[in-house]
Amino acid sequence: EQRNFFKIGVITELSGDLVTGGNITKRGYDLWAQEVNAKGGIEIQGKKYPVKLVYADAQSNPAAGAAAAERLITQEKVDFILGPYSSGVTLAVAPVVDKYKIPMITGSAESPLIWKNKFKYTFGTIPPINFTGATSIKTLTELKPAPKTIAIIGSNDAFSKATAESYKAAAEKAKLKIVKFSIVPSGQDMTPLLSAVRSMKPDVIAFGGHDEEHVKFVKALKQIGYTPKALLMHCGITDKAFIDAVGKDGDQIFGTTCWTGTAKTKSKVLWPNAAAYAAASQKAFNNPGDYTQGGCSAAGIAFQTALQKIGAKPGMDEATRTKLIQALEQIDVQTFYGRVKFATSGEFYHANVGLDPLTIQIQGGHVKTVGPKASVEAAAIYPMKEWKSR
Amino acid sequence: MELLPQALTDGILLGGIYITIAIAFSLTYGVMHVIDFAVGEWIMFGAFTGYYLNKWTGLDPFLFLPVIFVLYFGVGYLIQPVIHRVLSGTKGNPFLMGLVFTFGLAIMFRGLALTAFGFYSNSIPSAFSEGSFDLEPLGLTVTIPTVRLVGLAYALAITLILHYLLKKTNFGLGVRALAQHKDAAGLMGVNSKRTGSYVYGIYVGISAMTGVLLGCILSIGAQMGNEYTIFAFFVVVLAGMGYLAGVPWAALLLGLVQSIFMIYFNPSHTLLAVFAILYIILLISPRGLFGKGV
Amino acid sequence: MKNRGATILAIIGAALLILPLVVHDTFVLRVLTEGVMWIGLAIAFDVIAGYTGYLNFGHGAFFGIGAYTIGILMMQANLPFWAALPAGGVAAAVVALIAGIPTLRLKGAYFAIATWALSRAIQQLALNVEFTGGPDGMRLEAFLNPQFFYYLMLITVGATFAILWYLLERAPFGLKLKAIREDEEGAKALGLNPTKLKMQSFILSALPTGILGGIYAYWITFIDPSSTLGDLVSDQAVVMVVFGGMGTLFGPALGAILIFAFKTIFWAYLSDFQLLYLIILGALIAISVIFIPNGLWGTMFKRKADATRPQHQPEPASEPAALSAVAAPEEGN
Amino acid sequence: MAEPILKVNSVTKCFGGLTAVDDVSFSVEKGEIVGLIGPNGAGKTTLFNVISGYYAPTKGSVVFQGNDISGKPPYHLAGVGIGRTFQVVKPFAGLTVLENVTIASFLKHPKKADAERHAWQVLEATGLADRANVSAAGLTLAGRKRLEISKALALEPSFLLLDEVVAGLNPTEADRTVELIMKLKAQGLTILIVEHIMRVIMNISDRLVVLNFGKKIAEGTPAEVSSDPHVVQAYFGEEAA
Amino acid sequence: MNLLDVNGISVNYGDIQALWNISFSVAKGQLVALIGANGAGKTTTLKSLCGLIPTASGTIHYDGKLVTGMPVHKVVDLGITLVPEGRQLFPKMTVEENLLVGAYLKRAHGKRAQTLKRIYEIFPRLEERRTQTAETLSGGEQQMVAIGRALMQDPQVIMFDEPSLGLAPIMVQEVFKVIQELHKQGLTIFLVEQNVHQTLKVADYCYVMENGRIVGQGTGKDLEADESIREAYLGF
Ligand SMILES: Nc1ncnc2c1ncn2[C@@H]1O[C@H](COP(=O)(O)OP(=O)(O)OP(=O)(O)O)[C@@H](O)[C@H]1O
Ligand SMILES: Nc1ncnc2c1ncn2[C@@H]1O[C@H](COP(=O)(O)OP(=O)(O)OP(=O)(O)O)[C@@H](O)[C@H]1O
Ligand SMILES: [Mg+2]
Ligand SMILES: [Mg+2]
């Protein structure tokens, strides 16, 4: 097909249970497209080709995701695909894109499972959670007085459970005493469990969950009146919505991420650094964006870079797409999001391993990087201030 | 064992939340014989109304409860005739029709809410969300969060008011008569349309107030309804459908099962236990815990 | 009328069979495959709901059980698909048998909610045991042949339709089920064993559902508790069946086609209005319940039946003849 | 004398604390019509329910054609030749009259076409044939009572339990039903009937069994029973029919 | 003076016309009966009189007021009530609650203690069974509750739909006694019965209905003497 623009399929969860994550993903892709087009498009051999995104809702359902991929590929004849928010949908989409040999980068799905399956045409800009989780635990163990005990709780969905398990592995390695490790059904009130945790007086409480569960978790801890020395959650807390929802109670919560709006990144592609990206996002969505959104924008950049490298024009044939895959495997680019480099073997096959995970903490309503040392913006506040005296 | 007092307390307080979700729902089922799939959505709308009122006025959401009740009473009052029409149809299976109708409403409401309120989770701040009572002085390691205690008090108050309304007032007599035999109630002078509208209005009003409470205790979001619909069903079936007096016990049982299970067993099996218990109780006593459901 | 119906059906069947030879668009084929699957799920659901009067909110569990059975047999026991597929149906039927013994004693809303609780319990179980992959779900080896799945789905659903049509509309079985639906106690006096009939109906509903779940798993290549064991199948089946018309086979099939077409068209071509879609779908369901409580099929064909049914006449002639006046003499007796 | 077709041996049926049927015994000979009478709440319907298998007796037994059938489920009893009607009529409201009867015909005619043919015959006999394709819900009370009888007859029973099939019918209708019952008797059916309308019960019954508060208080020919002072006091009232 | 004036009403059930241009009247204090074959339309007449089913045409005046098209709860508020076919009690409520629902109307609410006492005097059996739920009562007892419940409304006109249906002879006599008693006390009574013999004996005036039409009328005695009526409705 002859076109003077790149047609890009976006498969993500725009309805159903995962609508929040799906929409954050969409923002990331949108912002990238908007920025590219504002510059006139992707420059290939001196000519600029704008990008056009075509959406397909995966309805938080793998079957719909697979159908979406099939439609985008066979009907819309997209050049490549920006992938889903959730790992489940990604796992159903990946075989389809493999079959049609259409490259896909997901800016969000971070279950280790995807990469273990070694799908040839699927890439991801967010490092898998078992790759990032260890950093925060390490940061916490370096605080003074060093925490000795930890309780780890995870919600029973693929991502949250993996998060909890990565914290567990890291805690074991760091010789923290794990006083409790529990997986709970999604969406439940966790007060009784936290009452049990309270009686064990752990120094650290770590929680793997999703947006709404984060809010409930913080409120439940506060209601039973237990303030651990450190409360560690995950990336979701960097979203402005979470900070708004819990207000001052969000302060001093730790999180694991790979990127923040203040990350020290430098880039020649699109946004010069994280701050510029956050500003652009703030302008577009009234929200500085979190690392999922950033990862999605970075997915666009990865494609853009690879395309430029091989000089591929819109309406790619199969041979070009194969070349694009090879190019993606080889890229090593600094973006506003940090370094993007996909692993080409091992358990992280095609996941981005170029990033350095960060430990962050919410301080005065802002996200600050508190670890590892190289990236520190502010000293960690520790131990946490009692809920009561806030 | 040292955790037991706290486990029981948590369970009872959680039960209080379930009472608030289920009590009015049970009332409408008893009177109108409709399983309202949109119960969670009424809760969700109430929660967002409380959230925005709080945001705009800065006043404590508990102050708005009466306003929210009146507002949603009106909404329920106006919608009831439609539901009545569905349920009194002579064609098809009215029970099923009512269920599918409200199922449609629930989907629509969720769509409307996502459009209007967005997809983020939120929380409603209240003065009550702050403190808690410690029973340490009494020699018990028990903490009672104020807001949950308020929730329990609200649940009990609503239960008592509904009980009084039903059992002690002439209106209640009419409602009960209507629940059992529509034509005969009409013959006794009960205005079935208006009484039905009042009941549905009361139900929607109470559910909306419950939403505010849940927003203060837990969280709110456009998709929150589904989960509460499930628990409303659970409690009402366990209590015996339409058997109001069974609701507090069923709700407390549910709260306690969850709490005990989370504390003493593998928390990840909590819901498995909850659903298995519901299932088993229904098999043993097909009309709920007390065998008094309709 | 009967013959014309059969001819139309034969034409539709033939058209569906040769379709893949004409249509090479794999997306269209995929949509058709899924559409056919929903027809199968809706008619299977209707066996217990429409004919027998038991609303099974746990219908999705049979689907999920079929899917997981095939997933586990293929991926862990390394069985070939063809060996695993029947096991999916059998597993669903066995669960129906075990669950049916107690649940089918429940009535109305209690049955609906008990089955729903059971399906939730099964979902929680799948989340909590190892061999299902827990929340991560399970990936099957990919065999992405659109024609294969289209024909497999078509043949399965076609066979299901034919068997159900024979059993429910031709053989006494369907009428017996309807007797149970109308009045279980009264049916007993006529020599019907409600327990047995309900159980047969439940199993008849579960078996094809399990098989369809199995095909689905192999087709989509990925199953997990939240999607495969969730409420989607039950919820959607209820809507399709009620919209099309309960207690008929053609009604649910029609409902499945229309609802699925609506969803798909909205999804594929109006995806910018994703939330509007929820609003419209919800409103459509609510409104259809108000205006066509018998469902589309029921409304289209009941009208006709009403019109052709004999006029309601006064009592037969052997009754006392009309008294034209008080004094008019009367004959008979 | 031949073995009675039905023997009720000391049957007692309790509901919680309430004894609805209390140690009742009687038997029914082949080919006769036995009337079961007694005040409201005397336990007649309950006894019917025990005989037809809806309740298992708390004590005692029911013997039908020499076999103990106590506690056997109703569908089994339908199979051995016991047909019954319900006091509160139970039409399958969503089905047509013909379908209603066809369902009963399946018992002896497992093929659908045969069953339908048989159902037609029954409907002709009971005078409902012209309503065959009407929805059962649209029948008048008289029609519904006749449908009850038709369904029971479609089972081709040897023994028929009729619970107030005349009640609510106007005299002409009642006479038609009586005629039908007599015709059935002539065909060799044995019938146990409950009815409050004296005009009917006194005329068709060969014998009467009288219940009061669950107990049998009298048994005999209509003439004997109607002159029994206990029965008069408990049932007929001063102005005995 | 006529308390109830029915003028040319017709009623349809869907496509089926059940009543054809019915007219009759009931004078204050009278006991008027309506007899007719099954399916003649008697129940339909009663239901349309109290607003339970809509009329297609014609008018109904009660005490000079037009009640056609009024909802049932308003009609009964005017002082006319129905003891329905099949009793239609509130099954899960106790006997006393059933009676108290009768006094739901404002008009009756004030005197309810007093009326209740009177009803217990008429039916001592009901007082014995005050706390029993209605569904566990025997047929005769249920009929008493239904009548008592209607009386609790303090009505001027009571309409009975086959009150003796399914009752033992002794109870039938009881019910007729009560009806006559109420009549004596000055209540206006409109009675639908299959027990034609007794009905004609107690009725002041009687209408005969067939196939949805009024086909005859006269005093009880006249009709009883009438050959055709005897044959059609008294049997034998
Ligand atoms: N399922 C039941 N549970 C409790 N009590 C019952 C049940 N069925 C009947 N009874 C009671 O048993 C007694 C006998 O009832 P039954 O229906 O047999 O009387 P009957 O002789 O048929 O009266 P009628 O002539 O009014 O029909 C009554 O007091 C009734 O309330
Ligand atoms: N709900 C209904 N739908 C359709 N037709 C009805 C309905 N109710 C009554 N009919 C019809 O209207 C006619 C009059 O019925 P109605 O019940 O008024 O008769 P009735 O004189 O009270 O008879 P019965 O002595 O049997 O009680 C009958 O032909 C009946 O079939
Ligand atoms: Mg009886
Ligand atoms: Mg009548």
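Annotation: peptides B:199-211, C:175-187, E:109-121, ranked by per-residue average of other Cβ atoms within 10 Å with the highest first, follow the order B:199-211, C:175-187, E:109-121.
Taking A:Y85, A:Y167, A:Y49 as the candidate residues, the one with maximal mean-square fluctuation in a Gaussian network model of chain A, Cα springs under 10 Å, is A:Y49. Across peptide A:215-222, the mean count of Cβ atoms from other chains lying within 10 Å of each residue's own Cβ comes to 4.
Put a dot 7 Å past the Cα of D:E224, heading toward its Cβ, do the same for B:T57, and the two dots end up 8.5 nm apart.
Residue by residue through E:156-169, how many Cβ atoms from other chains fall within 10 Å of the Cβ on average? Walk me through the intermediate numbers first.
Values: counts 0, 0, 0, 0, 0, 0, 3, 0, 4, 6, 9, 4, 14, 12.
Whole-number average of other-chain Cβ neighbours for E:156-169 is 4.
Computed from Cα positions, the angle between helix B:146-168 and the longest principal axis of chain B comes to roughly 30 degrees.
Among beta bridges identified by DSSP and lying wholly in chain E, the antiparallel ones come to about 55 percent.
Could you work out how far helix A:191-200 tilts from the main Cα principal axis of chain A, as a 0 to 90 degree angle to the nearest 10? Computed tilt is about 60 degrees. Go ahead and estimate [θ] at 222 nm for chain B from helices alone: -39,500 (n - 2.57) per DSSP H run with n ≥ 4, summed, over the residue count, rounded to 500. It lands at -24500 deg cm²/dmol.
Between E:A225 and E:Q180, take the C-beta separation as r, use R0 = 22 Å, and let me know the FRET efficiency to the nearest 0.05.
Values: r = 21 Å, r/R0 = 0.96.
It comes out at approximately 0.55.
Which of rounded, prolate or oblate describes the range B:100-180 when judged by the alpha-carbon gyration tensor and an a/c cut-off of 1.5? Here the range B:100-180 falls in the oblate category. The packing ranking, built from the mean of other Cβ atoms within 10 Å per residue, places the peptides D:81-88, A:30-37 in the order D:81-88, A:30-37, highest first. For C:F131, B:F95, D:F236, C:F143, the ranking by accessible surface with the largest value first comes to C:F131, C:F143, B:F95, D:F236, using a 1.4 Å probe.
Taking the longest Cα principal axis of chain B as reference, the axis of helix B:225-239 is set at about 80 degrees. Given a 1.4 Å probe and the protein chains as shown, C:D25 ends up with an accessible area of around 50 Å². Computed with a 1.4 Å probe over protein heavy atoms only, the accessible area of B:Y72 comes to about 20 Å². Take each peptide in D:206-217, B:60-71, E:123-134, count the other Cβ atoms within 10 Å of every residue, and average; sorted highest first, the result is D:206-217, B:60-71, E:123-134. Can you tell me how the range D:6-236 classifies by the Cα gyration tensor, rounded, prolate or oblate, using a/c under 1.5 as the rounded cut? Because a/c hits 1.5 or more and a/b exceeds b/c, the range D:6-236 counts as prolate. Applying 1/(1 + (r/R0)^6) with r as the Cβ-Cβ distance of D:F213 and D:R117 and R0 = 45 angstrom yields a FRET efficiency of 0.45. Modelled label positions at D:N133 and C:A159, each set 7 Å beyond Cα in the direction of Cβ, lie 3.7 nm from each other. Per-residue shielding of B:240-250, expressed as the average number of other chain Cβ atoms within 10 Å of the residue Cβ, stands at 1.
Between A:E347 and A:Q308, what FRET efficiency follows from the Cβ-Cβ distance if R0 is 25 Å, with the result rounded to 0.05? E(calc), rounded to 0.05, equals 0.25.
When only C-alpha pairs under 8 Å and at least 6 residues apart count, what is the relative contact order of chain B, in percent?
Rounded, it is 38 percent for chain B.
Each Lys and Arg Cβ is given +1 and each Asp and Glu Cβ -1; about its Cα centre, chain B then shows a dipole of about 1200 debye. Which of C:R120, C:R139, C:R170 moves most in a GNM of chain C, Cα contacts under 10 Å? Highest fluctuation among the options: C:R170. From the Cα gyration tensor of the range C:112-236, with a ≥ b ≥ c the square roots of its eigenvalues, which class applies: rounded if a/c is under 1.5, or else prolate if a/b is larger than b/c, or else oblate? Judged from the Cα gyration tensor, the range C:112-236 comes out oblate (a/c at least 1.5, b/c at or above a/b). Between beta-carbons, use under 14 Å as the cut-off and find the net charge around B:R287, counting Lys and Arg +1, Asp and Glu -1. Once positives and negatives cancel, what remains is +4. Over chain D, Cα pairs under 8 Å with separation of 6+ residues give a relative contact order of 26 percent. Antiparallel beta bridges, as assigned by DSSP with both residues in the protein assembly as shown, represent about 50 percent of the total such bridges.
Taking label positions 7 Å along the Cα-Cβ direction at both A:E172 and B:K193, the computed distance is 6.9 nm, reported to one decimal.
Only DSSP H runs of four or more residues enter the estimate; each adds -39500 (n - 2.57), and after division by the residues of chain E the mean residue ellipticity at 222 nm equals -10000 deg cm²/dmol. Computed per residue of chain C from DSSP H runs no shorter than four, each worth -39500 (n - 2.57), the mean residue ellipticity at 222 nm is -23500 deg cm²/dmol.
Rank these by accessible area, largest first, 1.4 Å probe: C:H24, E:H73.
Working: C:H24 135, E:H73 30 Å².
Sorted by accessible area, descending: C:H24, E:H73.
Since only E:V83, E:A108, E:V145 are under comparison, the one whose Cα sits farthest along the positive direction of the charge dipole of the range E:82-155, derived from C-beta charges on Lys, Arg, Asp and Glu, is E:A108. Mean separation of Cα pairs under 8 Å and 6 or more residues apart, divided by the residue count, gives chain C a relative contact order of 28 percent.
In terms of accessible area, using a 1.4 Å probe and ignoring ligands and nucleic acids, E:C50, D:C14 rank largest first as D:C14, E:C50. What is the sum of charges, Lys and Arg at +1 and Asp and Glu at -1, for the other residues whose Cβ falls under 13 Å from the Cβ of D:S70? Charge balance near D:S70 sits at +3.
The values are calculated or read from the model by the stated rules, or taken from the named source; none is laboratory data. Since the model is a prediction, treat every value here as computed from it, not as a measurement. Glycine gets a Cβ as well: all are built from the backbone with ideal geometry, and neighbour counts include every protein chain shown. Protein only, heavy atoms only, side chains kept; ligands, DNA and RNA dropped before computing areas. Shrake-Rupley method; radii C 1.70, N 1.55, O 1.52, S 1.80 Å.
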